[in-house]
Amino acid sequence: MNRNPHLNELGEFLKARRAELSPSQVGLRGGQRRRVSGLRREEVALLAAISTEYYTRIEQGRLQASAPLLDEIAQVLRLNYDQRTYLFDLAAKDRGRPSASHERQQVDTQLQRMLDDLTASPAFVIGRRTDILGWNQLAAALWTDFGHYPEQERVFVRLLFIEPWMRELYADWEEVTRLAIAQLRMESARYPDDQRLTALVEELSARDAQFRQWWTEHDVAARGKGTKKLHHPVVGELTLDWNTLTCGTDPDQHIIVWNAEPGSPSHDGLRLLASWAADQKRTASDTVT
């Protein structure tokens, strides 16, 4: 029997999540020594009040579970908000969601103008495949001028793996990269037929063993906010906060704005970087003229 690949992906996600839980975490006794860590299928089924056979069929991608049952399983597996969202997005794959495979996202003029007006904060717009769609001058100074890359290669998660300067820039490259992968997988559930996203995953899986491993762990995360430490070649150490805004005309476009605590060394570093970027721009303009 041919299994539904969408349901199979849902099953793989459930399998990954139950592997992270111990019996004691869900109120069960450990029992005899286990060959593998995590909960067994029969234990998840017991807690969800269904038969082991029924749960096994769900995890093997042979059965579409109802929304109430998925909700019960989500509670058993202690899924957080992002994981629950991902689970239900996976379950909704066959409900006629339009494909985004042939759509090319673009930043409109007003949004780009807003980015350009943010002279004290690095900011860029990221799309559903982690495409870098727009950026301001300070973002180009902090990372790179993304315009130097062909549009199809201007992909944040891809740059994290192929560019040595990205590994040097982030103090915790692994944490940053695993988060980017988790966000990409979150998007993959919303657009399962996106051919460009599938091609990106296939390329990076073939190119890098770490990507392949982290992708198969099925971690998911929505874009939110956080703090990152960077080693910048011009201004040195920076500790920057980042936050996510959603574009009103395209909810699949997210504006990521970075800033530093006022009065901190990192705040001074951003001001210095902005001044350096302005000098670079003037120098380039004088060279052209």
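Some notes on this structure:
- Residues satisfying the stated conditions in the stretch 188-215, i.e. over 26 Å from PRO164 (Cα atoms) and part of a helix (DSSP H, G or I): SER188, ALA189, ARG190, GLN195
- When the stretch 132-146 is filtered for residues that are out of contact with any Ser or Thr (no Cβ under 9 Å at 6 or more places or on another chain), open to solvent by less than 10 Å² (accessible area, probe 1.4 Å) and either more than 12 Å from ASN259 (Cα to Cα) or hydroxyl-bearing (Ser, Thr, Tyr) (or both), the ones remaining, listed by number, are ILE132, GLY134, PHE146.
- Residues of the stretch 257-276 that are in contact (Cβ under 8 Å) with a residue 60 or more places away in the chain, outside any helix (DSSP H, G or I) and not aliphatic (A, V, I, L, M): TRP258, ASN259.
- Tally, over the stretch 43-70, of residues that are of a type outside the set (Gly, Ala, Ser), out of contact with any Gly (no Cβ under 7 Å at 6 or more places or on another chain) and not in a helix (DSSP H, G or I): 4
- Residue that is most open to solvent (accessible area, probe 1.4 Å), among those in the stretch 167-196 that are more than 25 Å from ALA19 (Cβ to Cβ) and modelled with pLDDT under 95: GLN195
The values are calculated or read from the model by the stated rules, or taken from the named source; none is laboratory data. Keep in mind that what you see is a predicted model, and the values were worked out from it rather than measured. Note that we place each Cβ from the backbone using ideal geometry, even for glycine, and neighbour counts take in every protein chain shown. We work out accessible area using only protein heavy atoms, side chains counted, and drop any ligands, DNA or RNA first. Shrake-Rupley method; radii C 1.70, N 1.55, O 1.52, S 1.80 Å.
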